[in-house]
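These notes are about the structure you will find just below.
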Amino acid sequence: MLTPTKWTALGAAAVLALAACGSDDGAAEVEEVEAGEFPEGSTMAELAEAGEITIGTKFDQPLFGLQAPSGAPEGFDVEIAKIIAGELGIDEGGIEWVETVSANREPFIVDGTVDMVVATYTINDERKEVISFAGPYYIAGQSLMTLADNDEIEGPEDLAGMSVCSVEGSTPAANIAENYPDAELSLFAAYTDCLEPLRNGQVDVVTTDNVILAGYVAESEDTDVPFKIVGEQFTDEPYGIGVAREDDEFRNWINDVLEEIFEDGRWLEAWNETAGTVLPEPEVPTVDRYETE
Ligand code: GLU
């Protein structure tokens, strides 16, 4: 194996990136990246040199991360992740996608299963104890989804005695458990596990972020049992990109990339091609370069 020093000497001369190929959307176009442009020994330099990155995302959430028949996921999170990889000179062929569910995101970052997580991942203080977040790159909010013909539930204040489905390790589940203790909460590994129970009446409500629910509502529209979102969003869920806790260099660099794509139109283009087909155009968020103790 090459040491970082030796590698930098070689890498400075080497052009690592492949030209953009097969990308018809422009959002994930890969520029040529000089290996030597990243600080020696940084995660960016290591990934750029390897030409490979492992990214955790959701596989069952339309609009943000949904596995396509080809096996590769699609959605806004996926586009954001591809742009970041592209800035390292890594094209789609160099990305290994790993399905992350809500509860295994921190463990997968900590144990190195993935280099980063882009997966409808709310930035919060508890998670910041374990990993670090770049972003936010979008702000969602918790909502409720019922069958379209349900007229009993209009907001979280109606959840007492209701059977509510959500996901282990998610902020919406924690919020229900803490603030709406009279709801009967059932937790599964992934949000799609809640859909059949909702359809057949085993649960009354599914709760998570509005934008995830919006994907399931859109998918259900032409079925015999359509869903609807009820009420307003009742939390803020700022979406961040999870990286190793101590890796401030990588976090700062991703924040730089986010600020650049907020500015140059690539963020909005990624949105319009994915979640923007169903959801309204969001305001550009402000990156939070918080200090870690
Ligand atoms: N954004 C929330 C979270 O990170 C809910 C969505 C999810 O579970 O991915 O917990």
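What follows is calculated from the coordinates using simple rules that are stated; it is not laboratory data. None of the values given here were measured: they were computed from a predicted structure. Glycine gets a Cβ as well: all are built from the backbone with ideal geometry, and neighbour counts include every protein chain shown.
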From the list Val206, Val211, Val164, Val243, which one is within 16 Å of the ligand (Cβ to nearest atom), in contact (Cβ under 8 Å) with a residue 12 or more places away in the chain, of a type in the set (A, V, I, L, M) and in contact with a Cys (Cβ under 7 Å, 6 or more places away or on another chain)? Val206
Selection from region 161-212 of residues that are of a type in the set (Phe, Trp, Tyr) and more than 16 Å from the chain's Cα centre (by Cα): Tyr180, Phe188
With among the β-branched types (Val, Ile, Thr), more than 19 Å from Ile212 (Cα to Cα) and touching an Asp or Glu at 6+ places or on another chain (Cβ under 7 Å) as the only criterion, which of Ile53, Ile109 stands out? Ile53
Could you check region 265-281 and list, in sequence order, the residues that are part of a loop (DSSP other than H, G, I, E, B), touching a helix residue (DSSP H, G or I) at 6+ places or on another chain (Cβ under 9 Å) and under 15 Å from Ile80 (Cα atoms)? Thr274
May I ask you to list the residues in region 235-254 that are in a helix (DSSP H, G or I) and surrounded by fewer than 20 Cβ atoms within 10 Å (Cβ to Cβ)? Asp248, Glu249, Asn252
Of all residues in region 45-78, which are surrounded by 24 or more Cβ atoms within 10 Å (Cβ to Cβ) and either over 25 Å from Thr277 (Cα atoms) or charged (D, E, K, R) (or both)? Ala48, Lys58, Asp77
Scanning for something buried (at least 24 other Cβ atoms within 10 Å of the Cβ) and either among the basic types (Lys, Arg) or over 24 Å from Glu79 (Cβ atoms) (or both), does region 131-141 turn up at least one residue? no
Hits in region 96-117 (condition: among the hydrophobic types (A, V, I, L, M, F, W, C), outside any strand (DSSP E or B) and either surrounded by 20 or more Cβ atoms within 10 Å (Cβ to Cβ) or without any contact (Cβ under 8 Å) to a residue 40 or more places away in the chain (or both)): Val101, Phe108, Ile109, Val114
Scan region 227-239 and report the pairs whose first residue is among the basic types (Lys, Arg) and whose second residue is more than 9 Å from the ligand (Cβ to nearest atom), with Cβ atoms within less than 6 Å and a gap of 6+ or a chain change. Lys228/Ala148
Search result, residues across region 118-135 that are assigned to a strand (DSSP E or B) and within 11 Å of the ligand (Cβ to nearest atom): Thr122, Phe133
